[in-house]
Structures are given as structure tokens and as C-alpha cells.
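S.K.: I have a structure here, written as C-alpha cells, and I will follow up with some questions on it.
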Amino acid sequence: MTQDLFTFLDREYKVIGGSSQIRFYPAVVDRGEGAYLYDISGRRYLDFNASWAVANTGYGHPKIVEAAIETYRKISSLSYTTFSHKSIVELAEKLLELTPDGDKKKVLFGHSGSDANDGVFKLVPYHMRRPRLISFIGSYHGQTMGSYSLSGHKAQSKIIGFPNIVKVPYPYGYRCPFRGIEGQKECEEACIDFLENYILKTVAPPETVAGIITEPIQSDGGDIVPTPNFLKELRRIADENNMLLIVDEVKVGVRRTGRFYAFEHSNIKPDVIVLGKPLASGLPISVIILPSEIADNPDVMHLFTLAPHPMIATAAIKTIEVIFEEKLIDNAAEIGEYLLRKLQDLKNRHEIIGDVRGRGLIIGVEIVKDKKSRKPNAKDTAKIVYRAWELGLITAYTGLYSNVIELTPPLIINKEQADEALNILSQAIEGVEEGKVSDERIKRFVGW
């Protein structure tokens, strides 16, 4: 069966460019149901990746699928740039109802988190009449040139972005970028001090900075979870210097952390919010929620011929309804806490697990050579992810050092499925420690 997968991948390789792929194992998906994926050979996998935190409601939720199909039957194509539609307006209204100070904001739509963050890149500096934006090392904001420039991930370091972005350290408590500092709280204090008392007083004077863009949890940078105080400090700095605070919720928003917005854990109100991935349960959509005076600026357009499609807007409305009706917020918090507790036990049994961190159902397991040195162990991370796939569990890895196993399952998972995932992950780690996965096995799947 595995040979069939490799045969298909050889076929794919002949016609599709590799720059559009991040592969960890030879997965060729046929269908998805609930929290499971099935490959072309019929084998079932428990999905703890959810297509990079997209499938929050699982695969094929009937309420969402049926509503989307019905809308598509009524209107198969519509350019919102010229024609309005009820589902699109209703979605905007619903999002603003869920947003702090939503009565002072408006919505702009797009296809992906990349184009939404690209919108931030052009709209915010223009409105503020200040050229610079501050972002964070390790951040991932997208693949279009503006969002690419905002990003600070190592995978995006080979192309030089626009020069108006100033990147500063994100508080990575387990391996703080400031030597000699240990602990999340202490690292946050150092990062805030560096931003406030060095960057803003030297290379980026406040009068040149339009805003600060951050992720409430730096996911692709290694699932780094700051304390609630970090966003509060960024809010304070923005307020004191007349800057906008932009929060990128593309991956962690829509209930993944146990709140609709992850920034709610800090009890702050961002000026600009970016949403994407899970909003329409897998259909392409993005949202910028921003002050009305920016959204209505006649000089700078942010529009796309087919964004959003009425079918996708309908799917997004139903996704939000399902999340509330099925109490997925409570489930994300409860199962996330359970997984964290069990993963801490796993950490205590394995020398190569250096750290476990998370909030709700976004969790990172950092793999190291040993606990004392904390040296990143990218090779064993890739092997664990590969071995877990062989055993029936879908995961991926992230991080500046490619050594953090990321767990972002659908929000519908139950305790039995959590235990199944924990059991497989434990077997995978033991298998790698016992040398059951050769370097040759993972050679073709370099990840990122």
C-alpha cells in the first residue's frame, strides 16, 4: 500500500512544483470524516494537524456542507466587488458582534491569511502616514510579498522583503534570545525592554512606526505561548506611541485556544484583527477587522474578484454556529488541558522531550538532544512525525529549529481520541529512540 503512495507522489512530482509543498511523509488523501483522514489505499489516520489548524469542525460536518451546497446551487459565481449578497453581509455582522468595539469597525474580505496580512501591510502605514511596521522574529504572516516581508520565519529568510519592516525578538521562554535569561515571564520582560528602550529609541523612532503586528501564540515559530501580560505590554506601548496594535489570529482564532479570539486571554482590544484558516471549515476566506476610517479609505483598495464567494460566506456563518451550538470552545479547553497534562507525563519519561507548551488545542512538543543541553534535535523530530504517520497519527513540526511537534487537532476530538493520539505519539518516540526509523526513510520528506 505504501508503494502506491510513492507511485502517486512520483506522478505528482512530474507536474507540480516543489516550492508549493511542505511534506513530512507520503500522505495522499482520498477523503476526510470527522477527525480522521483516509488515504488512497483506504487506510485511516487520526488527524492531529487538521490541515494546519483549518478543520476546526472536523471534516464534512453535514450542517456546513449542506448549507454551502445549497448556496452554490443558487449562485455559482458572484463578484462581491460589484454585487452584494445576503450571506456576505450577515457574516460581517456576525464577526463584528463577536469583536470588542465591533460597532467602531468594519470588515474587509479576501481568500487567505496571506492576502489579509498583505492588506495590513499596505493599509495601516498609509492611514497612519508612518512608513514602518514592527513584527517579530519567528512570525509567519503569509506568502504574498507584503505578508512575506512581515514574516520572520527561517523558511522565508532567503528572499529580501520590503525595507520598512523592523523585526524584533519574540519571547521564547524555553530558549530566550537574550543570553542568561530563563523563563517565559523573564524573557517577555527582556523582549519588551528591548523593543521599548532600544528599538524605538534608535532605528525605529515612534513617529515612523504605524503599528506592531503580532501573533497571540507564535505557532509556526514553535508554538510559543506568551503569558497574558505580553499582549498587554504591546497594547501599552502602542497606546503610548500612537501606534496600532495588529493581532494575527489566522491560525489560532475561531475558538482553538478556548476563546473565540486568542487575544481574549489577555483581556485587550486590538486595533486590527486578521482571521483566516478555519473560519469557513476549509474553504478559502480571510478577514481583516479594522477601524472604519481605515476600511473606508478611498485611496487604497483591498478587493478581489471572487472574495468572498457567497458559498464560502455561508460556510463561515454555519461554522460559527456549529462552534457555539456544539460547545467546541469548552471542548478545546477541556481536551487541551488533558493533553497538556498527559504530555507533561510523557516529557518526564523521555530525555528527548525538552518542553511541552500550549493553550487549548494548539500544543507544541519540543524535541532536544537531551534536557540539559536543550540542543534542538531536528532529525529525531522528523523521524517521530514520520513514525507517528506510519502508526496512524497525522502531525507536523514547526519552529525556528524544525524541532517542535505541533498538535492542532479538530476541536471536535474526544478524550478517547486524545488517548489514541497520546499512545501513538509515545510509541513513535520510543521507536525513534530505539533506532527504528532510518535517515533514509525521511530523506525525501524534509519538511521545513
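What follows is calculated from the coordinates using simple rules that are stated; it is not laboratory data. In this text, all values refer to a predicted model and were calculated from it rather than measured experimentally. FYI the Cβ positions are ideal-geometry reconstructions off the backbone, even for glycines, and counts take in every protein chain you see.
S.K.: Need the list of aspartates and glutamates near Lys104 for cross-linking: C-alpha distance under 15 angstrom, and skip anything on the same chain fewer than eight residues off.
M.R.: Glu93, Asp271, Glu293, Asp296
S.K.: Report Rg (one decimal) and Dmax (nearest whole number) for the range 355-448, counting Cα atoms only, units Å.
M.R.: 12.9, 37
S.K.: Expressed as a rounded percentage, what relative contact order does the range 63-325 have, with Cα pairs under 8 Å and six or more residues apart?
M.R.: This gives 29 percent for the range 63-325.
S.K.: Let me have the relative contact order for the chain, percent, based on Cα pairs under 8 Å that are six or more residues apart.
M.R.: Contact order relative to length: 21 percent.
S.K.: Let me ask another. For the range 76-182, take the alpha-carbon Rg, divide it by the Kirkwood Rh, and send me Rg/Rh.
M.R.: Rounded to two decimals, Rg/Rh equals 1.08.
S.K.: Going by how many other beta carbons lie within 10 Å of each one, how would you line up Lys347, Lys375, Lys277, fewest first?
M.R.: Lys375, Lys347, Lys277
S.K.: Taking 7 Å along the Cα-to-C-beta vector as the label spot, tell me the Thr81-Glu182 distance in nanometres, rounded to one decimal.
M.R.: The answer from the label model is 5.7 nm.
S.K.: Rounded to the nearest 0.05, what FRET efficiency is calculated for Asn423 and Glu207 with R0 set to 51 Å and r the Cβ-Cβ distance?
M.R.: For Asn423 and Glu207, the calculated efficiency is 0.35.
S.K.: If one computes the Cα centroid of the range 271-342 and of the range 1-52, what distance in Å separates the two points?
M.R.: Comparing the Cα centres of the range 271-342 and the range 1-52, I get a distance of 26 Å.
S.K.: Take Glu430, project a point 7 Å from its Cα along the Cβ direction, then tell me which residues of the range 377-406 have their backbone nitrogen under 17 Å from it.
M.R.: 384-385, 387-393
S.K.: Which of the residue pairs Lys372/Lys443; Lys277/Lys318; Lys347/Lys372; Lys342/Lys369; Lys158/Lys379 have a Cα-Cα distance greater than 24 Å in the structure shown?
M.R.: With Cα atoms farther than 24 Å apart: Lys372/Lys443.
S.K.: Next question. Restricting to DSSP loop positions (anything but H, G, I, E, B) with no more than 14 other Cβ atoms inside 10 Å of their own Cβ, which GluC sites (Glu not before Pro) remain in the range 239-327?
M.R.: Of the GluC sites (Glu not before Pro), not one in the loops of the range 239-327 has a Cβ with at most 14 other Cβ atoms within 10 Å.
S.K.: With the crude spin-label approximation of a point 7 Å out along Cα→Cβ, what separation in nm comes out for Tyr126 versus Leu340?
M.R.: Between Tyr126 and Leu340, the simple spin-label model gives 4.1 nm.
S.K.: Could you give me the ³J(HN,Hα) list for the range 61-77, computed from phi with Karplus coefficients 6.51, -1.76, 1.60 and θ = phi - 60°, whole Hz, x at Gly and Pro?
M.R.: For the range 61-77, the Karplus curve yields 4, x, 4, 6, 4, 5, 5, 5, 4, 4, 5, 5, 4, 6, 8, 7, 8 Hz.
S.K.: On a full-extension model of 0.36 nm per residue, what is the gain between Lys158 and Tyr198, subtracting their alpha-carbon distance, rounded to one decimal in nm?
M.R.: That works out to 11.7 nm of additional length.
S.K.: Could you give the semi-axes, largest first, of the ellipsoid that matches the chain, computed as the square roots of 5 times the alpha carbon gyration tensor eigenvalues and rounded to whole Å?
M.R.: The answer is 33, 29, 20 Å, longest axis first.
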